[in-house]
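The values are calculated or read from the model by the stated rules, or taken from the named source; none is laboratory data. Quick caveat: nothing in here was measured; it's all calculated off a predicted structure. Positions of Cβ are generated from backbone atoms using ideal geometry, with glycine treated the same way; all protein chains shown enter the neighbour counts. We work out accessible area using only protein heavy atoms, side chains counted, and drop any ligands, DNA or RNA first. Shrake-Rupley method; radii C 1.70, N 1.55, O 1.52, S 1.80 Å.
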Amino acid sequence: MADDQSRKPLVYIIGGSAEYREELVQSLVTMYRVKAFDSAAEGQFACSVSLPVALIVDEVVQPKGGANCIAQVREQKITRGLPVVFTASKQNSEAIAEAQSSGGVVILIKPYWRSNLLKAMAEGVNIGVEAEWEKIEPKQRTALKNTVSSFNNIARLIENGEPLPYGEVQESCGPLVDAIASDNYKDILRGVQNHDNYSYVHSLRVATFLGLFGNVLGIKGEDLTTLTTAGLLHDIGKMSIAPAVLNKPGKLTDDEFVVMKSHVTATLEHLDHSIDIPKGVIIIAGQHHEKLDGTGYPNGLPGRELNQLARMASIIDIFSAITDRRVYKDPVPPERALDIMINMDKQLDQPLLALFREMLLDAATY
Ligand SMILES: [Fe+2]
Ligand SMILES: [Fe+2]
């Protein structure tokens, strides 16, 4: 598959030595489309031609240093709200304080691990992506804001080993369900597209497609909310899996695949610690990787034991995974994803898949 750079978020690096900039480019190129500039003026000019989603500004920038460059960025109308990651050594505390006072700046102390660079970038990009949500229609904006804050909260609770407040998670999905039921959801899919928390992006897309599919199949009211909430929760067990396995490009080793598959039981354990989890949520979380021919996991259940919810979840999880943008791959176009899935004729419920395909074509959802 061609590496379609144009789908990746554009990021500019300003300052640092040529060697440092090249290292940064290499660290970021799988996730971002990166351009690097020596001076503040070059960076500013590039922003006027094509606006990036975030800037990385080093402490060393010609002519007056990184903090001054950031101050200039904040003065220009076009770049005023741009998220900035400022890379500086600890000793440069004056510049760090100055950069911080500009607002919307994530500080990254040198030297740093690549994982911390990616984390800082994600934080920076998400500030920008979430700021863009201010411009979209209120119902869809609320759907995005509520679900991202609920998802971040879930991550915190899981880290602390605390139970999930199902009622609150369900409530956070209310605006998403309203948006789906009123056929007013496309800005949600567009708005989440460039968000840098992949687990959130995937879970929200699964939630949205599950809700849409359920709506088309006549599922209404509380059941539609349960379906959508299940989408947001279906992979929460992945939060306990090492990013090296989760984001590994290419094929997993047998051992890594065992770890990856364990996300289903981990999800079920988290749900088990919580109260009031509807049965539908458990089925979707527990069976979205099962296949009709019994080759799925974790239990290799045969088709006769997989009800409609499990079959819908499997179709939507695969469709979303293929069409998601990942660290290591660009999204496959939806038409191609559906072709791949039609060829999985022994594994997926084909009449249900035909209905899903029809829904996507009708709505031009993608
Ligand atoms: Fe999963
Ligand atoms: Fe999934």
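Some observations on this one:
- Pairwise FRET efficiency - Met359 versus Ala97, Cβ, R0 = 45 Å, nearest 0.05: 0.25
- Contact order normalised by residue count of the range 5-131, Cα under 8 Å, 6+ apart, percent: 22 percent
- Where only C-alpha atoms are counted, convex hull volume of the range 298-354 per residue in Å³: 93 Å³
- Paramagnetic reach from Ser149 (point 7 Å along Cα→Cβ, amide N under 15 Å) across the range 170-198: 170-176
- FRET efficiency, Arg336 to Asp276 (Cβ-Cβ, R0 30 Å, nearest 0.05): 0.15
- Less than 5 angstrom separates the built amide H of Ala36 from those of Ile13, all sequence-distant by 5 or more or on a different chain.
- Take every Cα pair under 8 Å whose residues are at least 6 apart in sequence, average their separation, divide by the length of the chain, and the relative contact order is 11 percent.
- Derived scalar couplings ³J(HN,Hα) [the range 343-349; Karplus, 6.51 cos²θ - 1.76 cosθ + 1.60; whole Hz; x for Gly, Pro]: 6, 8, 5, 8, 9, 10, 6
- Counting only Cβ charges, +1 for Lys and Arg and -1 for Asp and Glu, the dipole size of the range 184-296 around its Cα centre is about 380 debye.
- Close amide H contacts of Ala54 (hydrogens built in the peptide plane, cut-off under 5 Å, sequence separation of 5 or more or a different chain): Tyr12.
- Our Cα-only numbers for the range 198-341 put the radius of gyration and Dmax at 14.7, 43 Å.
- Helix 254-272 axis, angle to the chain major axis (alpha carbon atoms, nearest 10°): 70 degrees
- Rounded to 10°, Cα long-axis angle of helix 198-216 versus longest principal axis of the chain: 40 degrees
- Residues whose placed amide H lies under 5 Å from that of Lys110, excluding near-sequence neighbours: Ala88, Ser89, Lys90
- Global form of the range 5-131, assessed from the alpha-carbon gyration tensor, a/c cut-off 1.5: rounded
- Extent along the principal axes, Cα only, for the chain: 70, 45, 42 Å, with the longest axis given first.
- Placing +1 on the Cβ of every Lys and Arg and -1 on the Cβ of every Asp and Glu, with nothing else charged, gives the chain a dipole about its Cα centre of roughly 540 debye.
- Percent carbon-and-sulfur accessible area, the range 229-292, ignoring ligands, DNA and RNA, probe 1.4 Å: 59 percent
- Kirkwood hydrodynamic radius over Cα pairs of the range 83-137, then Stokes diffusion coefficient at 25 °C and 0.890 mPa s, in µm²/s: 204 µm²/s
- Rounded FRET efficiency, nearest 0.05, which uses the C-beta distance separating Lys110 from Asp255 and R0 of 35 Å: 0.50
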